[in-house]
Amino acid sequence: MEFVQNFPFISIILSLFSGPLSSILDGKKAKRLNLAVITIIGAMSVAVLCFVIRTGEPYVYRMGHFPAPWGNEIRVGVLEGVMAVAFCLIMLLCMLGGIREREVEIETSKQNLYYIMVNLLLSSLLALIYTNDLFTAYVFVEINTISACGLIMIRQNGRTIVAATRYMIMSLLGSGMLLLGICFLYGLTGQLLMSNIQEAVAVLAKTGQYHIPLLVSLGMMSVGLAIKSALFPFHGWLPDAYGYSTVSSAAILSSLVSKGYIFLLVKIFYRVIGFDIVRDSKVINVLFVFGISGMIMGSLDAIRAKDIRRMIAYSSVAQIGYIYMGFGLGTTEGVIASIFHILSHAATKSLLFISASGITDVSGKHKDFFELTGAGYRNKVAGVAFTVGSLSMVGFPLFSGFISKILFAQAAVGHTFKMLPTLIALALSTVLNTVYFLKTVIRIYTPVPKKELEEKNYVTITMKEQPVKSAALICFIVLNLILGLFSQPIVTLIENGLKMFA
């Protein structure tokens, strides 16, 4: 075994133990530790990705070297490497982009607590990416939930406490359904390692035994993770959680936390149950209907939103709908489109939340649209960044969102029953996206009379005054362009990764 093969396990342990270590540090030292840990883990993830690309095969890392069913395993392939690199990069940029707001909005005595939650969150996301054990995945789902709840309520005001309570209630409902589904599956197969479960499920499917219990297990795990990832109509907790938390929390929650749950669902489909069995079970038809409903209803709610943060939050409901719609197509092409959209949405939504904070900074901290008039001139970097994110969400060529919609359309073409609903939903959702995103872009670039600006005491922020946030926004813009202009190699990696999954 080469030393680089130990990096996934080291990454999980490093981020896990850096959480408690942050508890004995002050806020500034905890911040430096957090940024250093994310950077180191990101570098190790790049090394792991390069290794599996070079070898062309996945590998299994047995913790303690005990074989199944007593041992616990980490399984690493191309897709796991891609997701780990993307998650680390986006989390690092989210943390850099929200440094100034965290120092203002979080009490000095509690700032180290924030970094404890971020470190534990990163550990749980990496575990969900790498683990080959279904119960271990559930344990880290709960760590993820608790950490995300802490990120929401760290500001300690009434709205964030209510938002965190709603989030916890819905998340526990989803976790309960996931756990029941795992218990049913364990009762049917007697296994917890994903690959072993798949072998047992294949035998059950071939013989026709326990068809209904297997269907119930799959349905409960799918719905449980759908609730946790805010698929319509289980999204009621999302607007407040994203709208009232700190900008770093909102960016991380929208771009990474929900995607970790969705990636676990992909693993369940491919590595636990088997995608052919999932497709035959018709569970994906339910996900398809909910996905299309989320695409439309999330966009309508975003149009009705009265402030920019809630508008971006409701947009996430629509984008989660895209991902589940791709799953619902029941084809490899649809899953590839959904996984690419996970990356696209993660990069773009973080860009939107962080740039929106820059826009509100120069608008007297107001979030309602009328007060944002002309903000693009008062903070040029944030204005350009928000415009890029908006164009990507609409599906403008050159940006990642355009590639996502092309992939979804291509995946739907030729499908007997789902092609027409998919294409209509894509077209309608694109029109609705244009309404609420471009109206905001027009608003921030509508000139304001100088006299009115002086009366409101609005400030102008240059790139030199917020160098770290500006650098993070520029990196997000570049990342979006890379996903848009160099999408084919990334799609190829996703396709190869799915083959390794099976």
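The values are calculated or read from the model by the stated rules, or taken from the named source; none is laboratory data. Computed from a predicted model, the values in this text were never measured in an experiment. Counting neighbours? That spans all protein chains shown, and the Cβs are built from the backbone with ideal geometry, glycine included. Accessible surface is based on the protein model in full, side chains and every heavy atom, while ligands, DNA and RNA are left aside. Shrake-Rupley method; radii C 1.70, N 1.55, O 1.52, S 1.80 Å.
Conditions (1) basic (Lys, Arg); (2) surrounded by fewer than 22 Cβ atoms within 10 Å (Cβ to Cβ); (3) touching a residue at least 12 places away in the same chain (Cβ under 8 Å); (4) within 22 Å of LYS367 (Cβ to Cβ), marked per residue:
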site	(1), (2), (3), (4)
LEU215	no, yes, yes, no
LEU225	no, no, yes, no
ALA230	no, no, yes, yes
GLY236	no, yes, yes, yes
SER254	no, no, yes, yes
ILE262	no, no, yes, no
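Look at segment 184-211: where a residue is in contact (Cβ under 8 Å) with a residue 12 or more places away in the chain, no partner that is in a loop (DSSP other than H, G, I, E, B) and among the charged types (D, E, K, R) sits 6+ places away or on another chain with Cβ atoms under 7 Å.
For the condition in a helix (DSSP H, G or I) and open to solvent by 10 Å² or more (accessible area, probe 1.4 Å), SER195 qualifies. The set of residues from segment 462-502 being β-branched (Val, Ile, Thr) and in a helix (DSSP H, G or I) comprises VAL468, ILE474, ILE477, VAL478, ILE482, ILE490, VAL491, THR492, ILE494. Taken over segment 168-187, the criterion of being closer than 13 Å to VAL272 by Cα and either among the small types (Gly, Ala, Ser) or open to solvent by less than 40 Å² (accessible area, probe 1.4 Å) (or both) is satisfied by GLY181, ILE182, LEU185.
So, in segment 270-322, how many residues would count as being over 21 Å from GLY181 (Cβ atoms), of a type in the set (A, V, I, L, M, F, W, C) and over 17 Å from the mean Cα position of the chain (by Cα)?
Selection size over segment 270-322: 9.
Looking at PHE386, PHE402, PHE417, PHE396, just one residue is over 22 Å from GLY330 (Cβ atoms) and either in a loop (DSSP other than H, G, I, E, B) or out of contact with any Gly (no Cβ under 8 Å at 6 or more places or on another chain) (or both), and that residue is PHE396. So for segment 56-79 (the condition being closer than 30 Å to PRO489 by Cα and aromatic (Phe, Trp, Tyr)), does at least one residue qualify? Checked against the condition, which is being closer than 30 Å to PRO489 by Cα and aromatic (Phe, Trp, Tyr), segment 56-79 yields at least one hit.
Listed here are the residues, each with its yes/no results for (1) part of a helix (DSSP H, G or I); (2) of a type in the set (Val, Ile, Thr); (3) within 18 Å of the chain's Cα centre (by Cα).
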{"site": "LEU215", "(1), (2), (3)": "yes, no, no"}
{"site": "VAL223", "(1), (2), (3)": "yes, yes, yes"}
{"site": "ALA230", "(1), (2), (3)": "no, no, yes"}
{"site": "HIS235", "(1), (2), (3)": "no, no, yes"}
{"site": "PRO239", "(1), (2), (3)": "yes, no, yes"}
{"site": "LEU256", "(1), (2), (3)": "yes, no, yes"}
{"site": "LYS259", "(1), (2), (3)": "yes, no, yes"}
{"site": "ILE262", "(1), (2), (3)": "yes, yes, yes"}
{"site": "ILE268", "(1), (2), (3)": "yes, yes, yes"}
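In segment 135-156, is there at least one residue being at pLDDT below 85 and among the charged types (D, E, K, R)? Within segment 135-156, one or more residues are at pLDDT below 85 and among the charged types (D, E, K, R). Do the conditions hold for ALA86, that is, is it small (Gly, Ala, Ser), over 21 Å from ILE252 (Cβ atoms) and in a helix (DSSP H, G or I)? The answer is no for ALA86.
Of all residues in segment 323-334, exactly one satisfies the criterion of being over 13 Å from the mean Cα position of the chain (by Cα) and over 14 Å from LYS418 (Cβ atoms), namely THR332. The condition of being buried (at least 23 other Cβ atoms within 10 Å of the Cβ) and of a type in the set (Phe, Trp, Tyr) holds for only one of PHE87, PHE51, PHE3, that being PHE87.
Could you grab me the full set of residues in segment 116-137 that are open to solvent by 10 Å² or more (accessible area, probe 1.4 Å) and touching a Gly at 6+ places or on another chain (Cβ under 8 Å)? Matches in segment 116-137: ILE116, MET117, LEU120. Among the residues that make up segment 295-316, is at least one of them under 27 Å from ARG75 (Cα atoms) and not aromatic (Phe, Trp, Tyr)? Scanning segment 295-316 turns up no residue that is under 27 Å from ARG75 (Cα atoms) and not aromatic (Phe, Trp, Tyr).
Checked against (1) surrounded by fewer than 22 Cβ atoms within 10 Å (Cβ to Cβ); (2) part of a helix (DSSP H, G or I), GLN209 meets all criteria but (2). The requirement of being assigned to a helix (DSSP H, G or I), among the aliphatic types (A, V, I, L, M) and under 26 Å from ILE129 (Cα atoms) is fulfilled nowhere in segment 356-376; no residue meets it. Checked against the criterion of being touching a residue at least 40 places away in the same chain (Cβ under 8 Å) and either closer than 21 Å to ILE262 by Cα or among the aromatic types (Phe, Trp, Tyr) (or both), the candidates LEU113, LEU128, LEU96 yield just one match: LEU128.
The set of residues in segment 348-373 that are in contact with a Phe, Trp or Tyr (Cβ under 7 Å, 6 or more places away or on another chain) and open to solvent by 20 Å² or more (accessible area, probe 1.4 Å) contains only GLY364.
Please work out which residue is farthest from GLY326 (Cα to Cα), limiting yourself to segment 270-310 and to residues that are of a type in the set (Gly, Ala, Ser) and open to solvent by less than 20 Å² (accessible area, probe 1.4 Å). If you could, list the steps in order and put the result at the bottom.
As a first pass, look at segment 270-310 and keep what is of a type in the set (Gly, Ala, Ser): 274, 281, 291, 293-294, 298-299, 302, 305.
Subsequent filtering for residues that are open to solvent by less than 20 Å² (accessible area, probe 1.4 Å) retains 274, 291, 294, 298-299, 302, 305.
Details: GLY274: 17, GLY291: 8, GLY294: 12, GLY298: 17, SER299: 18, ALA302: 22, ALA305: 27 Å.
For segment 270-310, the residue satisfying everything is ALA305.
Close Cβ contacts (under 6 Å, 6 or more residues apart or on different chains) running from residues in segment 286-311 that are under 30 Å from SER363 (Cβ atoms) to residues that are among the basic types (Lys, Arg) and open to solvent by 40 Å² or more (accessible area, probe 1.4 Å) comprise ASP307/LYS367; ILE308/LYS367; ARG309/LYS367.
For segment 403-431, filtering for residues that are among the hydroxyl-bearing types (Ser, Thr, Tyr), in contact (Cβ under 8 Å) with a residue 12 or more places away in the chain and open to solvent by 30 Å² or more (accessible area, probe 1.4 Å) leaves 1.
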